[in-house]
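To start, the structure under review is shown below, and the notes come after it.
Derivation of every value follows stated rules applied to the coordinates shown; laboratory data play no part. Remember, it's a predicted structure, so these values are computed and weren't measured experimentally. Here Cβ is always computed from backbone atoms with ideal geometry, including for glycine, and neighbour counts include all displayed protein chains.
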């Protein structure tokens with residue numbers, strides 16, 4: 001798939017408008033319905049046919065990657081800041097805070113992040129290792145614990161009547177579990 005700016009320069013103006021409407025419709029549908037929002041519903045929201053949607057974004061993963069590119073880049077920036085933080089524990093707490101905030105903003109974020117997690121596991125392992133070396137994190141903790149938190153947090157956000165309060169409680173419990 002071409003990069004966002006390269007694609008923008010090569011499209012006709014009507015095709016660019018269609019793509020922009022598709023992206024906005026997809027963003028709203030994913031936020032509301034999650035990563036499995038029906039592609040037909042996205043095309044309908046954008047006011048285009050499904051053929052237009054699939055011509056621009058051949059697969060759901062292509063559309064998700066395009067819609068969430070800025071958030072995934074933000075996750076990478078958050079991880080770099082966490083790794084550079086002089087206090088590894090605070091870097092970890094800040095990064096986890098960034099991830100759960102993204103989950104609160106958008107129902108589809110968890111699915112997108114978990115699909116893209118291959119690239120996130122090595123830096124997350126480095127962050128946890130730094131916090132372990134500083135004596136801040138339990139020695140048996142690993143990146144799968146963080147992924148478990150994100151999955152559980154996704155469930156809290158979807159299935160509880162007071163997601164903000166329960167979200168904070170879950171994250172606090174998880175941080176107490178991690179702390180050495």
In segment 132-155, how many residues are surrounded by 15 or more Cβ atoms within 10 Å (Cβ to Cβ), in a helix (DSSP H, G or I) and within 23 Å of the chain's Cα centre (by Cα)? 8
Residues in segment 156-180 that are surrounded by 12 or more Cβ atoms within 10 Å (Cβ to Cβ) and not in a helix (DSSP H, G or I) total 3
How many residues does segment 23-49 contain that are over 17 Å from residue 111 (Cα atoms), crowded, with 17+ Cβ neighbours inside 10 Å and within 19 Å of the chain's Cα centre (by Cα)? 2
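Determine, yes or no, whether residue 92 is crowded, with 16+ Cβ neighbours inside 10 Å and either part of a loop (DSSP other than H, G, I, E, B) or in contact (Cβ under 8 Å) with a residue 24 or more places away in the chain (or both).
So residue 92 fits the description; yes.
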From the list 48, 112, which residue is part of a loop (DSSP other than H, G, I, E, B) and in contact (Cβ under 8 Å) with a residue 24 or more places away in the chain? 48
Just the residues that are part of a helix (DSSP H, G or I) and over 18 Å from residue 104 (Cα atoms), please, taken from segment 51-75. 51, 52, 53, 54, 55, 56, 60, 61, 62, 63, 65, 66
